[in-house]
Amino acid sequence: MTTSDPRAELASLAASLRAYLEIQAETGAIGIPRGAKGAAAASHGAPREPSPSAPSPMKGEGEPTNSPPLSPRGRGAGGEGSQEERPGVASPREATSTQAAKPTPIAPAPPTPATASAPTLARLPLLAAEVAACTKCVLHETRTQTVFARGNPLAKLAIVGEAPGADEDEQGLPFVGRAGQLLDKMIGAMGLDPAQDVYVCNILKCRPPGNRRPEADETDKCIPYLHEQLAIVKPKVIVAMGNSAVQALLGTKLGITKVRGQWKLYKGETLVMPTYHPSYLLRPSPQQVEAKKQAWEDLQAVMKELGLALPAKK
């Protein structure tokens, strides 16, 4: 009986076992950690815990056991989804964990512009038509036409006066007589264009006979039109000119000399600067020079609020 060399038989058996185990590992039947040669000897047989980014040993390299197979672009060299071939790219498990811990911040929505939008402005012509047909008070019996507004409804500055005069009743526009000409000069001194940078209207839309002051019932019936106008235009600042405008907008009984130059609020949100009516500034009186100076100071406060450059002091 021939006795075989035990060492050769052991080497052959070890080689066969190694080949079998490598086949099993390639087919996914068992898991065998793959490291550099001699790694096991260096660790003296102590088991190593895989790092979070290490490929799972359960099914090939880079695929969790229960995950679906990657698309052709996600496997192999150079694919966009290849986690092993792209340094710095987290594995799907890492990405999911990171996203769960730190959700992507959502940028805040831009603030709503203060000025009116185009669809809202479409209401203004309809409102003007309603005003033209209005018969709520006796003033409709003596008017030539109603006086709605002039200027730019997208302007940041609105100017509100008392009521139309004879020139306004004839032309259908507010502030077109002598007082209106002075107002335009005041607007120009602010560095603004009367046609583009302001929106001008009145408390009343019809002329009171003889340019008298508005009656309380006339104001009560007409001012809802003004409230809707201002709600559509949404100015940043309102300049209220004269007693009637200040009292109607602010709901006060104080006279203009008591409140001019002091910032007030219309409906609790829109800044109002009370000041003198241009017609008052045109009247010859001992107070005229001082009143014009005070009115200009009021308008400069408005300029500052609107971010306009103030004129250099002489």
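In segment 161-237, the inverse of the mean reciprocal separation of distinct Cα atoms equals 13.4 Å; this is its Kirkwood hydrodynamic radius.
Rounded to the nearest 20 debye, the dipole size of segment 118-306 about its Cα centre is 380 debye, using +1 on the Cβ of Lys and Arg and -1 on the Cβ of Asp and Glu. Inter-label distance, GLN181 to ALA166: 1.4 nm, where each label sits 7 Å from its Cα along the C-beta direction. The alpha-carbon atoms of segment 118-306, seen along their principal axes, cover 41, 38, 29 angstrom, with the largest extent given first. The share of C-alpha pairs in segment 199-310 whose separation exceeds 18 Å stands at 52 percent. From most to least packed by mean Cβ count within 10 Å, the peptides 302-313, 217-228 give 217-228, 302-313.
Each value in this text was obtained by applying a stated rule to the coordinates, not by laboratory testing. Small disclaimer: the values here were computed from a predicted structure and weren't measured. When we count neighbours, we look across all protein chains shown, and the Cβ atoms used for this are built from the backbone with ideal geometry, even at glycine.
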